[in-house]
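Visitor: Shown below is the structure under consideration.
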Amino acid sequence: MTTTLAGGRAARRQTTRRIRPRRSPAVPLLLLVWAGAAAVLWLWWHDTPAVEGNTGRILNAGRITGLLAGYLMALVVLQMARVPALERRVGSDRVARWHAMTGRYTLSLVVAHVVLTMWAYTLQAGRPLGGIVRETVESVEQMPDMGKAAAGTGLLVLIGLTSIGRVRRRMPYDTWYHLHLLTYAAVFLTFWHQISTGNDFAVTPAAKTFWYGLYGVVTALVCWYRIIVPIRLNRRHRLRVEAVVEETPGIVSVLIRGQRLHRMGAEAGHFFRWRFLAPGMRFSSHPYSLSAAPRPELLRITVKAIGDHSERLRELRPGTRVWAEGPYGALTAQRRSRGKVLLVAGGVGITPMRALFETLPGGAGDITLLYRASSTQDLALWDELAAIAEERDARLIYAVNGPDGVRPDISSENLRQKIPDLHRHDVFMCGPAGFTHAVYEALRGAGVPARRIHHESFEM
């Protein structure tokens, strides 16, 4: 059995909209971040009239790394706040990569700060370098808020270790996710140490005011977008499971009914974080893309069973309450800058591509969908795709393995043969990381500029 969602009026109106590309604010935001780092360095420079001796150099290196670590901690939390301007304009995948990179830099600076500062204190006390452990213990016991800072640093190290690629891939997603939330506790614990023992904040009251303001704004954004906005969304729309339908072996669609869903701001290409309030699933929140354009009272996701959570979706009963957070993602029509578009889907990556195939503005022949799967049996939502292609006079191409298992050729030359004017297209992609990387290289070889290849990938 398969689901078939007929194109609603809103979806049909979407296909006739004008193309209004929206630029990503990523570059201005990065410049702002670097300006903030420069301001932090200026604060140290302003409060340090002179650096004398080897001990002084080591101590001030510890101060610099501490200030930069404190600044980056605020950015780490900001990147977890799910601010719409970041999630929908910059892109959830890029923000996730920024978060991972910022986290690595922060942990490195924190470790350097601890080592350098304790080394300098050890030299000031006239102890040999081997006494650094004793000096650290005494500092934690005697200095204000150092115990909290030590606990926060320990949590940061734990989070950093569990975020290493190999370690993370071996952990259940839910375990890693909930451990990662300890970042909030780690930042809270280390903040007070910065204020009470930071020389720069004692010397310059304006710096302390700025630091309180920085962390206060970030805290407010987290509380608003991670707590208040989801509560309002779910109270307003009251989502429940309508039906669960098997599309192909191992792939199911979940239809979710709610009230006034057209006011959620969701678009084709967006995803939500879904929590199904069923036994064994209440504490699991996973991201799944919409597999059809939003209807006024109906949403749909289509999921491949590749883990405990996704496998349990087929057991959901109609009426099960759903808690959603979103919409997120920047893989929407707003990325488009050209009249013609190629959509490329690999496996279950068809879900956002199917929604875009239905709604992207365009006339006859403007939209092409290339769908890669292992076999024809794995082509989920194929009947819907064929119906959309016929209705819109769009082009639908499937690429499956041959009878002998030979993979189809998706090279630059083959793509140019099938789509001679490919270099004039925008391209939207979704699929496994290896697949999207190979297609990206083929598209670049076919002359498609990188700025017109749009995809979201959460591989870090």
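The values are calculated or read from the model by the stated rules, or taken from the named source; none is laboratory data. Keep in mind that this is a model prediction, so the values were computed, not measured. Methodologically, a virtual Cβ is constructed for each residue, glycine included, from the backbone with ideal geometry; neighbour enumeration extends over all protein chains shown. Only protein heavy atoms, including side chains, enter the accessible area calculation; ligands, DNA and RNA are left aside. Shrake-Rupley method; radii C 1.70, N 1.55, O 1.52, S 1.80 Å.
Visitor: So, in segment 328-347, how many residues would count as being within 22 Å of Thr436 (Cβ to Cβ) and open to solvent by 10 Å² or more (accessible area, probe 1.4 Å)?
Guide: So the answer is 8.
Visitor: Hey, does segment 311-318 have a residue that's closer than 19 Å to Ser253 by Cβ, in contact with a helix residue (DSSP H, G or I) (Cβ under 8 Å, 6 or more places away or on another chain) and open to solvent by less than 30 Å² (accessible area, probe 1.4 Å)? I'd like the intermediate steps shown before the answer.
Guide: Residues of segment 311-318 that are closer than 19 Å to Ser253 by Cβ, as a first pass: 311-318.
Still in the running and in contact with a helix residue (DSSP H, G or I) (Cβ under 8 Å, 6 or more places away or on another chain): none.
Taking every residue of segment 311-318 in turn, none turns out to be closer than 19 Å to Ser253 by Cβ, in contact with a helix residue (DSSP H, G or I) (Cβ under 8 Å, 6 or more places away or on another chain) and open to solvent by less than 30 Å² (accessible area, probe 1.4 Å).
Visitor: Still on this model: Tell me which residues, restricted to segment 64-85, are β-branched (Val, Ile, Thr), assigned to a helix (DSSP H, G or I) and closer than 25 Å to Tyr225 by Cα.
Guide: Hits for segment 64-85 are Val76, Val77.
Visitor: Would you mention how many residues in segment 382-399 are of a type in the set (D, E, K, R), closer than 19 Å to Thr302 by Cβ and not in a helix (DSSP H, G or I)?
Guide: 0
Visitor: Among the residues of segment 378-413, which ones are under 22 Å from Gly362 (Cβ atoms) and charged (D, E, K, R)?
Guide: Listed by number, the residues that qualify are Asp383, Glu384, Glu390, Glu391, Arg392, Asp393, Arg395.
Visitor: Please name all residue pairs, on different chains or six or more residues apart, with Cβ atoms under 6 Å, provided the first residue is in segment 45-63 and is in contact (Cβ under 8 Å) with a residue 60 or more places away in the chain and part of a helix (DSSP H, G or I) and the second residue is among the small types (Gly, Ala, Ser) and surrounded by 12 or more Cβ atoms within 10 Å (Cβ to Cβ).
Guide: Thr55/Ala120; Ile58/Ala120; Leu59/Ala120
Visitor: Oh, and also: What pairs come out if I take residues in segment 231-243 that are in a loop (DSSP other than H, G, I, E, B) and pair them with residues that are of a type in the set (A, V, I, L, M) whose C-beta lies under 7 Å away, six or more apart or interchain?
Guide: If the second residue must be of a type in the set (A, V, I, L, M), the pairs left are Leu239/Ile256; Leu239/Val322; Leu239/Ala324.
Visitor: Please determine, by comparing only the residues of segment 400-455 that are part of a loop (DSSP other than H, G, I, E, B) and among the β-branched types (Val, Ile, Thr), which one is nearest to the chain's Cα centre (by Cα).
Guide: Among those that are part of a loop (DSSP other than H, G, I, E, B) and among the β-branched types (Val, Ile, Thr), it is Val448.
Visitor: Scan the helices (runs of 4 or more DSSP H) fully inside segment 86-170 and keep the ones with 2 or more residues being β-branched (Val, Ile, Thr), touching a Gly at 6+ places or on another chain (Cβ under 9 Å) and open to solvent by 40 Å² or more (accessible area, probe 1.4 Å). Break it down stepwise before answering.
Guide: Numbers: elements: 92-124, 132-142, 146-162, 165-170.
The qualifying helices (runs of 4 or more DSSP H) are 92-124.
Visitor: Quick check on Glu325: is it over 18 Å from Thr436 (Cβ atoms) and either part of a helix (DSSP H, G or I) or of a type in the set (A, V, I, L, M) (or both)?
Guide: In short, no.
Visitor: Another question, then. Is there a residue being in contact (Cβ under 8 Å) with a residue 24 or more places away in the chain, among the small types (Gly, Ala, Ser), within 21 Å of Ala373 (Cβ to Cβ) and surrounded by 15 or more Cβ atoms within 10 Å (Cβ to Cβ) anywhere in segment 441-451?
Guide: yes
Visitor: For Trp323, indicate whether it is within 28 Å of Ile231 (Cα to Cα), of a type in the set (A, V, I, L, M, F, W, C) and surrounded by fewer than 23 Cβ atoms within 10 Å (Cβ to Cβ).
Guide: On the way: within 28 Å of Ile231 (Cα to Cα): yes; of a type in the set (A, V, I, L, M, F, W, C): yes; surrounded by fewer than 23 Cβ atoms within 10 Å (Cβ to Cβ): yes.
Yes; evaluated as a whole, the condition is true for this residue.
Visitor: Out of all the residues in segment 253-260, is one or more closer than 26 Å to Asp378 by Cβ, more than 20 Å from the chain's Cα centre (by Cα) and surrounded by fewer than 22 Cβ atoms within 10 Å (Cβ to Cβ)?
Guide: yes
Visitor: Scan segment 185-212 and report the pairs whose first residue is modelled with pLDDT of 90 or more and whose second residue is among the β-branched types (Val, Ile, Thr), with Cβ atoms within less than 6 Å and a gap of 6+ or a chain change.
Guide: Once the first residue is modelled with pLDDT of 90 or more and sits in segment 185-212, its partners that are among the β-branched types (Val, Ile, Thr) give Val187/Val77.
Visitor: Another question, if that's okay. Considering only segment 348-368, how many residues are closer than 22 Å to Thr436 by Cβ, touching a helix residue (DSSP H, G or I) at 6+ places or on another chain (Cβ under 8 Å) and not in a helix (DSSP H, G or I)?
Guide: 2
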